[in-house]
Amino acid sequence: MTDIKVDQYLPIYNKNNNFVPILKPNDFMNQRLKKISNFYEMEYKKKPNFFVRVPGRVNLIGEHIDYSGYPVCPMAIEHDILIAVGNDVSCGIHVTNIDEKYSKFYGYSLSKSREEIESEKIPHWWKYFLCGVVGGLLEVSNLSKEINKSLAAVVWGTIPPAAGLSSSSALVSSGVLAATVSHELWMPRDVLVERSAKSERLIGTEGGAMDHAIAFLGKEGTAELIEFNPLRTTDVKLPHDSVFIIIDTIERHNKAQCNNYNNRVTECKLAAKIIAVKYDKPWNNINTLYDIQKQLDKDLKQMSKIAASSLKTYDINEICDVMKVTVQKLQDSSVKVEQNDKRLFAVGQRAQHVFDEALRVMEFQNVCMDKECNNQINQLGELMNQSHKSLKNLFDCSTERIDRVVDLAIDCGAAGARLTGAGWGGCVIALTTKDKLHNFLFDIKNKLKVEFNLNDDYNMDTLVFPTQPGMGASIYLN
Ligand code: ADP
Ligand code: NG1
Ligand code: MG
């Protein structure tokens, strides 16, 4: 098996910036590459061919609206998934992790990866990587020969997992990148986004594309407004005196291990279809709240009023009555409901959150653009506070602990704070100004220690840290 010859593709990268950049590592990255390289050599008795790095992200505002088709405003962070990649194992696909708590995976062949993912319902860590491999390669036509190539990888992640900072998507996206580059398939970044978002759904979560979009399209120094269908990014320059701080609640929530996330996806889909029925529109092809907003040609405020006044919480029979359909018809239209479904679907609350949050994203972007505004930080903070209130009361995805951390952040002088990511655990993002940062960090760390009895085993600097917009995915050659 010959090593890939990335050099011959460098001219493509120089021509335009649609591709993941091949970077020269700085000193810090050099040290990390050395460490992961050594690990790779110990494991596979050969040097890796190249490395991929995909960052995590923090979402500033626009939570649980990407899968309803609305724009979001995240930024890439410095925490990442770094993977050393080669193709030098005797056969099959091998992936191992620097952190020994993650067991090794030795698979038979790339073409069997999909079966491995679906083999049992448990979302083992390596399945996220395999999702990326499958999504990156198997759906590409005329690849039947190449996909028999072997793939050997070592994963090193620094994103706190299951904490709303998108460790899962960084792992899936880096799997896509590792697999495509090792097969010399050079794909533009928007194609990688689409493939990665689709791939991650193989693990079972029916998520949107926010995480993969910022993973590939993030830029140093700026947050991004990400629009979907078609995918489009716009830089959002944050106020120069602003600082965003990530606060880890230490509560964890694995999205693929329980139904919370997918239940919300179903509720939002049902909300869109019920609105369609109520307005005498064909509901079958309405899949998102954005679809129905377009159909009705109404603005977000009007849509929010519709959600608040004409939708409520229904059980499955009530939904069938309102829509004059059978459960079977809903299933045929890819709504994940069951006969005798025991769930209550709070479609009114969920839809109201989505429309209001979509409006807040637009306002957030407007405040950031308004350089004349002398109250930018407070206005952004207020939008973040409203977002959290809505996630807690309407979307019901917060926890007591997250709410407490949000309150503590505000007590310590934050202009605003909210849960970030899917919720039910994970991190809070707080906003303050650079001049207040030092005191804020000191106070919040102390308050967290007391409130949650955190002993010296906890490194407070890894639980509470300021963050800046970082760059998206990159490739390093060996
Ligand atoms: P997140 O909010 O971080 O995306 P998810 O619940 O979507 O949370 O995904 C978390 C899962 O991703 C973990 O349980 C683990 O299986 C996988 N994962 C994340 N980071 C790593 C890592 N460094 N090494 C191995 N697996 C990881
Ligand atoms: P996290 O919490 O990082 O797994 C998830 C979804 C996003 C988005 C947010 C909530 C995936 C891959 N990620 O992120 O698309 O819906 O929740 O805003 O499903
Ligand atoms: Mg995730």
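The values are calculated or read from the model by the stated rules, or taken from the named source; none is laboratory data. Just so it is clear, the structure is predicted and the values come from calculations on it, not from any experiment. Reconstructed Cβ throughout: ideal geometry from the backbone, glycine too, with neighbour counts over all protein chains shown. For the accessible areas, the whole protein counts, side chains as well, though only heavy atoms, and no ligand, DNA or RNA atoms are used. Shrake-Rupley method; radii C 1.70, N 1.55, O 1.52, S 1.80 Å.
Key figures
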{"quantity": "Greater than 19 Å apart at Cα, pairs in 269/324; 294/392; 121/336; 278/324", "calculated": "294/392"}
{"quantity": "Given charges at Cβ of Lys, Arg, Asp, Glu: the chain dipole, positive-most of 168, 292, 135", "calculated": "135"}
{"quantity": "Peptides 452-458, 171-177, 182-188 ordered by average Cβ neighbours within 10 Å, highest first", "calculated": "171-177, 182-188, 452-458"}
{"quantity": "Rounded FRET efficiency, nearest 0.05, which uses the C-beta distance separating residue 257 from residue 100 and R0 of 30 Å", "calculated": "0.90"}
{"quantity": "Convex hull per residue volume in Å³, alpha carbons only, for segment 222-278", "calculated": "169"}
{"quantity": "Peptides 348-354, 431-437 ordered by average Cβ neighbours within 10 Å, highest first", "calculated": "348-354, 431-437"}
{"quantity": "Convex hull of Cα atoms in segment 247-343, direction-averaged projection (nm²)", "calculated": "8.0"}
{"quantity": "Long-range amide H partners of residue 152 with built H, under 5 Å", "calculated": "86, 87, 88, 89, 94"}
{"quantity": "For segment 389-459, diffusion coefficient by Stokes-Einstein and Kirkwood Rh (Cα), 25 °C, 0.890 mPa s, µm²/s", "calculated": "193"}
{"quantity": "For segment 67-133, projected area of the alpha-carbon convex hull averaged over all directions, nm²", "calculated": "7.0"}
{"quantity": "Local electrostatic count, residue 217, Cβ distance below 13 Å [Lys/Arg +1, Asp/Glu -1]", "calculated": "-3"}
{"quantity": "Cα convex hull volume per residue for segment 113-220 (Å³)", "calculated": "111"}
{"quantity": "Cα pair distances exceeding 23 angstrom across segment 17-114, given as percent", "calculated": "45"}
{"quantity": "Helical mean residue ellipticity (222 nm; -39500 (n - 2.57) per DSSP H run of 4+; nearest 500) of the chain", "calculated": "-13000 deg cm²/dmol"}
{"quantity": "The chain - percent of accessible surface contributed by carbon and sulfur, probe 1.4 Å", "calculated": "47"}
{"quantity": "Within-15-Å neighbourhood charge of residue 277 [Cβ basis; K, R +1; D, E -1]", "calculated": "+3"}
{"quantity": "Probe 1.4 Å, accessible area per residue of segment 220-375, Å²", "calculated": "50"}
{"quantity": "For segment 383-444 and segment 16-76, distance of Cα centres in Å", "calculated": "27"}
{"quantity": "Zero-based 10 Å bins, Cα pair distances in the chain, whole percents", "calculated": "4, 20, 29, 26, 16, 5, 0"}
{"quantity": "Radius of gyration, Dmax [segment 173-306; alpha carbons; angstrom]", "calculated": "18.2, 51"}
{"quantity": "Within-14-Å neighbourhood charge of residue 376 [Cβ basis; K, R +1; D, E -1]", "calculated": "-2"}
